[in-house]
Amino acid sequence: AQTVTQSQPEMSVQEAETVTLSCTYDTSENNYYLFWYKQPPSRQMILVIRQEAYKQQNATENRFSVNFQKAAKSFSLKISDSQLGDTAMYFCALYSYFGNEKLTFGTGTRLTIIP
Amino acid sequence: DTGVSQNPRHKITKRGQNVTFRCDPISEHNRLYWYRQTLGQGPEFLTYFQNEAQLEKSRLLSDRFSAERPKGSFSTLEIQRTEQGDSAMYLCASSYGQGAYQPQHFGDGTRLSIL
């Protein structure tokens, strides 16, 4: 079985500051993908960033970057220069090749950007 | 790209009634997923289709639940004899290609409330 744990139910940060959201996971597979999805209030969930486990280089997408620590099974999301539009629920998710064909999501972190 | 569309947005019904939700994926997407999301939780996988074939079902999907995707286009999720525990947000997502590691595009969801 694979699990995803997000230990920070809520976080808040001042606009323009940097914030890091934590995620740990467990899988017995070596080949897998990790994701961060963003769910703004009353809006569709969208993919923020994706990391392939066999790639050592951390993924980046503009202001969003990850710190992928494979041995520690840790996958944190860093948001730089935070903006009001970053206010949302953030979900960490895991896909492994030889498990079921599905994403396993964590319970989410509610991030609020304070003006 | 008009995005994933789900109807209705909200459904309120009495316990024991049947309900049906519809999902229209992005037109060129061959994969379609259904998830259930309860308050304070991340989405939980229910089932997925590769074109018109339903290839996997979660154990969460009891025999009261049925999903179809005729001709590999839109999909419907039906719940028969609804129960209080069925109250949740039902999310649909679609993707292009093979594997759940491909970016999934989510709809707004259908919120089901059982009276």
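The values are calculated or read from the model by the stated rules, or taken from the named source; none is laboratory data. Predicted, not measured: the structure shown is a model, and the values here were computed from it. Cβ sites come from the backbone with ideal geometry, for glycine too, and all protein chains shown count toward neighbours. Side chains included, ligands, DNA and RNA excluded: accessible areas come from the protein's heavy atoms. Shrake-Rupley method; radii C 1.70, N 1.55, O 1.52, S 1.80 Å.
For region A:14-52, a tally of residues being open to solvent by less than 30 Å² (accessible area, probe 1.4 Å) and in contact with a helix residue (DSSP H, G or I) (Cβ under 9 Å, 6 or more places away or on another chain) returns 3. Checking each residue in region A:84-115 for being acidic (Asp, Glu) and either within 9 Å of chain B (Cβ to nearest Cβ) or not in a helix (DSSP H, G or I) (or both) picks out only A:101. Here the condition is being open to solvent by 20 Å² or more (accessible area, probe 1.4 Å) and within 14 Å of another protein chain (Cβ to nearest Cβ); of B:33, B:96, B:48, it holds for B:96 alone. Which of the numbered conditions does residue B:60 fail, given that it passes all the others? Conditions: (1) under 13 Å from the mean Cα position of the chain (by Cα); (2) within 29 Å of residue A:49 (Cβ to Cβ); (3) assigned to a strand (DSSP E or B). Here residue B:60 meets the rest and fails (3). Looking at A:68, A:91, just one residue is open to solvent by less than 80 Å² (accessible area, probe 1.4 Å) and without any contact (Cβ under 8 Å) to a residue 60 or more places away in the chain, and that residue is A:68. Across region B:83-102, a minimum of one residue is classified as touching an Asp or Glu at 6+ places or on another chain (Cβ under 9 Å), part of a loop (DSSP other than H, G, I, E, B), within 11 Å of residue B:33 (Cα to Cα) and at pLDDT below 95. Filtering region A:53-61 for residues that are within 26 Å of residue B:48 (Cα to Cα) and either surrounded by 19 or more Cβ atoms within 10 Å (Cβ to Cβ) or basic (Lys, Arg) (or both) leaves a non-empty set. Checking each residue in region A:39-63 for being within 24 Å of residue A:113 (Cα to Cα) and away from chain B (no Cβ under 14 Å) picks out A:60, A:62, A:63.
Restricting region B:1-49 to residues that are β-branched (Val, Ile, Thr) and under 11 Å from the mean Cα position of the chain (by Cα), the residue that is nearest to residue B:96 (Cα to Cα) is B:47. State the number of residues belonging to region B:1-24 that are within 13 Å of chain A (Cβ to nearest Cβ) and either over 25 Å from residue A:95 (Cβ atoms) or at pLDDT 95 or above (or both). Looking only at that region, the number is 7.
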